[in-house]
Amino acid sequence: MERLVMAVLPEITELEEVDLRQFSPPYPNLLKAFVESGGKGLRDFQSFAERTVGKEVVGQFLISLFQYLIIRYRRFNEYSVVKPAVKVFITLKGWLNENGFKRDWEKLLSSFIGYLVMMVPSITKNEDCETVNAYLTVIRNLTEEASRRFDSEYYDELLQRAEESLKALREKCGISAPERKKC
């Protein structure tokens, strides 16, 4: 399965560290045919899917992979899935919004942002300051998006936790916060 997933997402090299033997993606025969065609990368996979079954399959694949990573983290507390989960989530955000599936992105953001915030202590414990700062900044920004988009105390609390973690990290590591631009 690793070979099939890496054919679609070769830039997420951290997926090579993840045990994908139990991953059961939608349309596995499509993935096999894609690999056999010599295709590589998400754009190629999307073109291949559009010619055969439809581009929505790409979103289903990415969502399925993300859910698998979250399950492995929750069930087995595997750190190896953390960085790929964040990267797949960001990929999902871009892909869903670019391809007219904005409502699906909103559902994912509302359902899964808490899991990313839950991963912050693991990232902080296992990575160097620069890497932690990058991941925590992304998670904080996604959490802010959820807090703005969904009127709920839950998302405000998640944002507060993410901001506190990022602030503590920056103080500990002597990293100054970049200036935020107002739109």
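The values are calculated or read from the model by the stated rules, or taken from the named source; none is laboratory data. Bear in mind that the values here come from a model prediction, so they are computed numbers and not experimental data. With ideal geometry, Cβ positions are generated from the backbone for all residues, glycine too; neighbour counts draw on all protein chains shown.
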### Task
State all residues of segment 39-86 that are touching a Lys or Arg at 6+ places or on another chain (Cβ under 7 Å) and in contact (Cβ under 8 Å) with a residue 60 or more places away in the chain; if no residue qualifies, say none.
Glu78, Val81
### Message
Can you report the number of residues in segment 1-55 which are part of a loop (DSSP other than H, G, I, E, B) and among the aliphatic types (A, V, I, L, M)?
### Response
6
### Task
Scan segment 140-163 and give yes if some residue there is within 19 Å of Leu65 (Cβ to Cβ) and either in contact (Cβ under 8 Å) with a residue 40 or more places away in the chain or among the hydrophobic types (A, V, I, L, M, F, W, C) (or both), otherwise no.
yes
### Task
Within segment 120-160, track down each residue that is of a type in the set (A, V, I, L, M) and surrounded by fewer than 20 Cβ atoms within 10 Å (Cβ to Cβ).
Ala134, Val138
#### Entry: Out of Lys107, Lys83, sole residue that is in a helix (DSSP H, G or I) and surrounded by 20 or more Cβ atoms within 10 Å (Cβ to Cβ)
Lys83
### Query
Taking the condition among the hydrophobic types (A, V, I, L, M, F, W, C), surrounded by fewer than 17 Cβ atoms within 10 Å (Cβ to Cβ) and on the phi < 0 side of the Ramachandran plot, does Phe76 pass?
yes
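Can you say whether Phe89 is under 21 Å from Glu145 (Cβ atoms), out of contact with any Lys or Arg (no Cβ under 8 Å at 6 or more places or on another chain) and in the same structural domain as Glu14 (by TED's automatic domain parsing), as far as the supplied structure shows?
no
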### Message
Take Glu98 and tell me if it is closer than 30 Å to Val5 by Cβ, free of Cβ contacts under 8 Å to residues at least 24 places away in the same chain and not aliphatic (A, V, I, L, M).
### Response
yes
### Message
Anything in segment 6-26 that is surrounded by 13 or more Cβ atoms within 10 Å (Cβ to Cβ) and out of contact with any Phe, Trp or Tyr (no Cβ under 7 Å at 6 or more places or on another chain)? List them, or say none.
### Response
Met6, Leu9, Pro10, Ile12, Glu14, Leu15, Glu16, Glu17, Val18, Asp19, Leu20
### Among (1) outside any helix (DSSP H, G or I); (2) closer than 22 Å to Ser80 by Cα; (3) among the small types (Gly, Ala, Ser) - the single one Ala134 does not satisfy
(1)
### Task
Name the residue, out of Arg3, Arg43, Arg72, Arg103, that is at pLDDT below 95 and either more than 21 Å from Leu159 (Cα to Cα) or among the aliphatic types (A, V, I, L, M) (or both).
Arg3
